[in-house]
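Novice: I am attaching a structure below and will ask some questions about it afterwards.
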Amino acid sequence: MAALRTHLVGAVYQWAVESGFSPFILVDAARPGVQVPPGRVEDGRITLNVDPRAVRNFAIQDEMLSFQARFGGQPFLVSLPIMAVLAIYARENGRGLSFEGEDEPEPPAPATPPTEGAAPRKAPALRRVK
């Protein structure tokens, strides 16, 4: 099942491109699975221009985001888990979404079976009101 963040990043990206804006992403470069040019990382983060005119083969698939870009004239395949995206926004007006402070959701706790001696639950009673 694809994460909500995958759909939100895709939606903001599509909105920015359709509106004629340049979409940028802020990435947590310290997160496992992030492949970005190491010389461009500052304070564990990197901002990337993902405008279609700046990258090739941009793809958001399930839990991953990838594209090809040139850095200092050298081609580089950028690949990162979608959870590493801290923000996506339009460069021209700063509008977009920030995911800072959010992390992967905890899986729901398993239901605990009732303890012995506990009173059985009654079915809810409904009453017709006229």
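The values are calculated or read from the model by the stated rules, or taken from the named source; none is laboratory data. These numbers were taken from a predicted model, which means no experiment stands behind them. All Cβ positions, glycine included, derive from the backbone under ideal geometry; neighbour counts span all protein chains shown.
Novice: Output the number of residues of segment 11-42 satisfying the condition of being within 17 Å of Phe71 (Cβ to Cβ) and out of contact with any Lys or Arg (no Cβ under 8 Å at 6 or more places or on another chain).
Specialist: 10
Novice: Still on this structure: So if I check each of Ala30, Ala59, which one is among the small types (Gly, Ala, Ser), exposed (fewer than 15 other Cβ atoms within 10 Å of the Cβ) and either in a strand (DSSP E or B) or over 16 Å from the mean Cα position of the chain (by Cα) (or both)? I'd like the intermediate steps shown before the answer.
Specialist: Working: Ala30 fails: either in a strand (DSSP E or B) or over 16 Å from the mean Cα position of the chain (by Cα) (or both).
None of the others qualify; the one that does is Ala59.
Novice: How many of the residues making up segment 10-38 are more than 13 Å from Pro52 (Cα to Cα) and charged (D, E, K, R)?
Specialist: So the count comes out to 2.
Novice: Confirm whether Pro52 is free of Cβ contacts under 8 Å to residues at least 60 places away in the same chain and closer than 17 Å to Tyr89 by Cβ. Write out each step before concluding.
Specialist: Values: free of Cβ contacts under 8 Å to residues at least 60 places away in the same chain: yes; closer than 17 Å to Tyr89 by Cβ: yes.
In short, yes.
Novice: Could you please tell me which pairs satisfy a Cβ distance under 8 Å, a separation of 6+ or placement on different chains, a first residue in segment 1-23 that is over 21 Å from Asn93 (Cα atoms), and a second residue that is of a type in the set (A, V, I, L, M) and surrounded by 12 or more Cβ atoms within 10 Å (Cβ to Cβ)?
Specialist: Ala3/Ile82; Ala3/Met83; Arg5/Ile82; Arg5/Met83; Arg5/Val85; Thr6/Ile60; Thr6/Ile82
Novice: Something else about it: Quick one: is Glu63 acidic (Asp, Glu) and within 12 Å of Val85 (Cα to Cα)?
Specialist: On the way: acidic (Asp, Glu): yes; within 12 Å of Val85 (Cα to Cα): yes.
Taking the combined requirement at face value, the residue satisfies it.
Novice: Give the number of residues within segment 14-23 that are surrounded by fewer than 21 Cβ atoms within 10 Å (Cβ to Cβ) and closer than 12 Å to Leu97 by Cβ. Lay out the reasoning, then the answer.
Specialist: Of segment 14-23, the ones surrounded by fewer than 21 Cβ atoms within 10 Å (Cβ to Cβ) are 14-15, 17-22.
Checking which are closer than 12 Å to Leu97 by Cβ leaves us with 15.
Selection size over segment 14-23: 1.
Novice: Let me ask something else about it. Go over the candidates Glu116, Glu106, Glu100, Glu42 one by one and state the one that is surrounded by fewer than 10 Cβ atoms within 10 Å (Cβ to Cβ), modelled with pLDDT under 95 and in contact with a strand residue (DSSP E or B) (Cβ under 6 Å, 6 or more places away or on another chain).
Specialist: On the way: Glu116 fails: in contact with a strand residue (DSSP E or B) (Cβ under 6 Å, 6 or more places away or on another chain); Glu106 fails: in contact with a strand residue (DSSP E or B) (Cβ under 6 Å, 6 or more places away or on another chain); Glu42 fails: in contact with a strand residue (DSSP E or B) (Cβ under 6 Å, 6 or more places away or on another chain).
The conditions single out Glu100.
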